[in-house]
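Undergrad: The structure follows.
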Amino acid sequence: MRIIIVGGSIAGVNAALACRQEYPNAQITLIEQQAHLGHLPRELFFSLEQQQFTSHELVLQEEINKTYQIEVFLETKCERLRDHEVELSDTTRLPFDKLIIATGSTQRSRLAGTHETFQTQWLYKSVKDQHEIYNKIKQASSIAIVGAGAVGISFASALAKQEKKITIYERNERPLARYFDEDMTPILTRFLQANQMDCLFGQAVEQITPTEKGYQVTTANTTQSADLVLLAVNTRPETQELTTYLAKNTDGTLWVDDYLQTSQTDVFAIGDAIHVKFRPTKEELYISSIENARRTAEVVAKNLHRLIQKDIGSIRPFEGNFFGVDYLSLGLLEQEAIFVDYPVAIKSLKLTATTFLKIVFHKKTRRLLGLQLVAQEVSIQVKEWAYQGVDDAIVVDEWLIHLSKMI
Ligand SMILES: Cc1cc2nc3c(=O)[nH]c(=O)nc-3n(C[C@H](O)[C@H](O)[C@H](O)COP(=O)(O)OP(=O)(O)OC[C@H]3O[C@@H](n4cnc5c(N)ncnc54)[C@H](O)[C@@H]3O)c2cc1C
């Protein structure tokens, strides 16, 4: 069997390794348009905290090639998809029995002008772009962060110790609104304010205008200048000719069935390129995460020979440490309880002076559906128990008894 994987980042690399394990004799080729295999984008925040740029590839080309016998093409874009054949940027055509599309996502926003401007000024996902944005951040005295989601808050926290004027714009009334209920984030807002960051929450940015010195950022209420703007808004798959003939969802993600097969037989898609099921509501959601990339990579490898394993979906894990406080969110939030057709109960607990837990569970079966934990420090043991609790929907009373022994 000849397997081709397009995209050599978290999903693609994990799929290549999982395919090697499933099919020891397959010919596996991994194609990546950049000069190296993927890295963890969050390393940018580590670099900013340490004030020194670092970046590590997930795996080296030689290692994946020699140890796992996986052929790797770097600096090669996969341009077109034909019937059991792909065409590369140098016009070579490669036949395949099974194709896995792991082309991921990129940052996109209508605020950033043309596609070209965006490509040259705003991206910070690849190592090259991260290095450039790192240098721009170093030089800027005033920075506007647009979006107080996971990426925006990571920027804010990483820059806390640097003497820069930071303004955070967020259309919601609070940070991390996608991952936490309202009562779990006031502590984060207090930390942002205590670090002299201007939080313009409840204000959507309407326009970003380049000026001689930097930018002007305009909302309905105000216009302010900044040397640099960091767009920390949604990511989505890039429009590519490669996927022209594949069915898509309205937001540009590739449509896949439960086995991760696209609208074309023998062509699969994984990671940030697709929607997945949010397990508690069964709703199709766009969840850009490492967990998703890894899980879908494992599932797709099982399904290449025969369609045998459905993707169970994601509990949308979110983990972060901001201003020295750990934040963990898994599964259903209280604010999402209206989207399920079963009765839901909520319990909020102050476990220690600095540990706040909120759990969401099925009112009748008492099985855990989701939890949010904000604590000075969450041990690995507690984290693992939290994942297990939501993953396996453990009965909440049992789960809490065991947790109390760990805290
Ligand atoms: C700044 C930042 C911080 C993040 N931090 C976290 C975090 O802490 N935790 C977390 O869970 N998630 C985090 N994420 C999200 C996470 O990085 C993504 O969910 C993950 O990278 C998705 O992996 P992927 O392999 O599906 O896609 P991508 O990482 O987008 O990789 C796709 C790859 O495909 C290549 N490619 C695309 N098209 C072609 C083509 N036609 N031919 C050849 N190659 C192609 C691209 O060059 C790229 O290397 C973060 C994202 C960003 C931007």
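The values are calculated or read from the model by the stated rules, or taken from the named source; none is laboratory data. None of these values were measured; they are calculated from a predicted model. Positions of Cβ are backbone-derived with ideal geometry, glycine not excepted, and every protein chain shown enters the neighbour counts. These accessible areas exclude ligands, DNA and RNA; they are computed on the full protein's heavy atoms, side chains included. Shrake-Rupley method; radii C 1.70, N 1.55, O 1.52, S 1.80 Å.
Undergrad: Answer with yes or no whether ALA337 is under 20 Å from LYS277 (Cβ atoms), touching a His at 6+ places or on another chain (Cβ under 9 Å) and open to solvent by less than 70 Å² (accessible area, probe 1.4 Å).
TA: Numbers: under 20 Å from LYS277 (Cβ atoms): yes; touching a His at 6+ places or on another chain (Cβ under 9 Å): no; open to solvent by less than 70 Å² (accessible area, probe 1.4 Å): yes.
Against the criterion (under 20 Å from LYS277 (Cβ atoms), touching a His at 6+ places or on another chain (Cβ under 9 Å) and open to solvent by less than 70 Å² (accessible area, probe 1.4 Å)), ALA337 does not qualify.
Undergrad: Taking into account only those residues within region 228-274 that are at pLDDT 95 or above and of a type in the set (Asp, Glu), which is nearest to the ligand (Cβ to nearest atom)?
TA: So, considering only residues that are at pLDDT 95 or above and of a type in the set (Asp, Glu), the one nearest to the ligand (Cβ to nearest atom) is ASP272.
Undergrad: Same structure again: Kindly indicate whether any position in region 12-30 is open to solvent by 70 Å² or more (accessible area, probe 1.4 Å) and of a type in the set (Ser, Thr, Tyr). Explain how you work it out, then say what you get.
TA: So in region 12-30, the residues open to solvent by 70 Å² or more (accessible area, probe 1.4 Å) come out as 21-22, 24-25, 27.
With of a type in the set (Ser, Thr, Tyr) added as a condition, the list becomes none.
Within region 12-30, none of the residues are open to solvent by 70 Å² or more (accessible area, probe 1.4 Å) and of a type in the set (Ser, Thr, Tyr).
Undergrad: Right, next: Among what's in region 161-174 and is at pLDDT below 95 and not basic (Lys, Arg), pick the residue that is surrounded by the fewest Cβ atoms within 10 Å (Cβ to Cβ).
TA: GLU163
Undergrad: Report, by residue number, each residue of region 386-406 that is loosely packed, with under 12 Cβ neighbours inside 10 Å and assigned to a loop (DSSP other than H, G, I, E, B).
TA: Correct list: ASP392 only.
Undergrad: Applying the selection to region 178-190, what residues are surrounded by fewer than 19 Cβ atoms within 10 Å (Cβ to Cβ) and of a type outside the set (S, T, N, Q)?
TA: Result: ARG178, GLU182, ASP183, PRO186, ILE187, ARG190.
Undergrad: Given the options GLN224, GLN240, GLN261, name the one that is under 30 Å from ALA140 (Cβ atoms) and open to solvent by 20 Å² or more (accessible area, probe 1.4 Å).
TA: Unique residue meeting the criteria: GLN224.
Undergrad: Any idea which residue in region 75-92 is nearest to the ligand (Cβ to nearest atom), counting only those that are within 13 Å of THR29 (Cβ to Cβ) and open to solvent by less than 40 Å² (accessible area, probe 1.4 Å)?
TA: Of the residues in region 75-92, the ones within 13 Å of THR29 (Cβ to Cβ) are 76, 78, 85-86, 88, 92.
Adding the requirement that they be open to solvent by less than 40 Å² (accessible area, probe 1.4 Å) leaves 76, 78, 86, 88.
On the way: THR76: 7, CYS78: 4, VAL86: 9, LEU88: 8 Å.
Result: CYS78.
Undergrad: Something else about it: Please verify whether GLU71 is in contact with a Leu (Cβ under 8 Å, 6 or more places away or on another chain), farther than 28 Å from ILE133 by Cβ, open to solvent by 30 Å² or more (accessible area, probe 1.4 Å) and more than 11 Å from the ligand (Cβ to nearest atom), treating the condition exactly as stated.
TA: yes
Undergrad: Under 8 Å between Cβ atoms, which residue pairs at least 6 apart in sequence (or on different chains) link something in region 6-29 that is at positive phi with a partner that is within 16 Å of the ligand (Cβ to nearest atom) and among the hydroxyl-bearing types (Ser, Thr, Tyr)?
TA: Going by the 8 Å Cβ cut-off, the qualifying pairs are GLY7/THR103.
Undergrad: In region 199-245, how many are within 23 Å of the chain's Cα centre (by Cα), assigned to a loop (DSSP other than H, G, I, E, B) and aliphatic (A, V, I, L, M)?
TA: 3
Undergrad: Take SER105 and tell me if it is touching a residue at least 40 places away in the same chain (Cβ under 8 Å), of a type outside the set (A, V, I, L, M) and within 11 Å of the ligand (Cβ to nearest atom). Don't jump to the end; show me each part of the working.
TA: Details: touching a residue at least 40 places away in the same chain (Cβ under 8 Å): yes; of a type outside the set (A, V, I, L, M): yes; within 11 Å of the ligand (Cβ to nearest atom): yes.
In short, yes.
Undergrad: Another question about this same structure. Is it true that some residue in region 309-332 is part of a helix (DSSP H, G or I) and within 16 Å of the ligand (Cβ to nearest atom)?
TA: No: region 309-332 contains no residue that is part of a helix (DSSP H, G or I) and within 16 Å of the ligand (Cβ to nearest atom).
Undergrad: With LYS277, LYS310, LYS282 as the choices, which residue is more than 14 Å from the chain's Cα centre (by Cα) and modelled with pLDDT under 95?
TA: LYS282
Undergrad: Got a number for residues in region 31-46 being open to solvent by 90 Å² or more (accessible area, probe 1.4 Å) and of a type in the set (Phe, Trp, Tyr)?
TA: Number satisfying all stated conditions: 1.
Undergrad: Does ILE3 fit the bill of being touching a Leu at 6+ places or on another chain (Cβ under 7 Å), more than 13 Å from the ligand (Cβ to nearest atom) and part of a strand (DSSP E or B)?
TA: It is true that ILE3 is touching a Leu at 6+ places or on another chain (Cβ under 7 Å), more than 13 Å from the ligand (Cβ to nearest atom) and part of a strand (DSSP E or B).
Undergrad: Can GLU284 be described as open to solvent by 10 Å² or more (accessible area, probe 1.4 Å) and away from the ligand (no atom under 13 Å from the Cβ)? Full working, then the answer.
TA: On the way: open to solvent by 10 Å² or more (accessible area, probe 1.4 Å): yes; away from the ligand (no atom under 13 Å from the Cβ): yes.
Judged against the criteria, GLU284 is a match.
Undergrad: Here's something else I'd like to know. Look at GLU49 and say whether it is farther than 30 Å from GLN162 by Cβ and open to solvent by 80 Å² or more (accessible area, probe 1.4 Å).
TA: Judged against the criteria, GLU49 is not a match.
Undergrad: Based on this model, can you work out whether LYS350 counts as within 30 Å of ALA16 (Cβ to Cβ), away from the ligand (no atom under 16 Å from the Cβ) and not assigned by TED's automatic domain parsing to the domain that holds VAL151? Can you show your working first?
TA: Working: within 30 Å of ALA16 (Cβ to Cβ): no; away from the ligand (no atom under 16 Å from the Cβ): yes; not assigned by TED's automatic domain parsing to the domain that holds VAL151: yes.
Judged against the criteria, LYS350 is not a match.
Undergrad: Considering only residues that are in a loop (DSSP other than H, G, I, E, B), under 19 Å from the mean Cα position of the chain (by Cα) and farther than 30 Å from ARG366 by Cβ, which ones fall in region 285-307?
TA: TYR286, SER288
Undergrad: Only one of (1) assigned to a helix (DSSP H, G or I); (2) crowded, with 19+ Cβ neighbours inside 10 Å fails for LYS128. Which number is that?
TA: Result: LYS128 fails condition (2) only.
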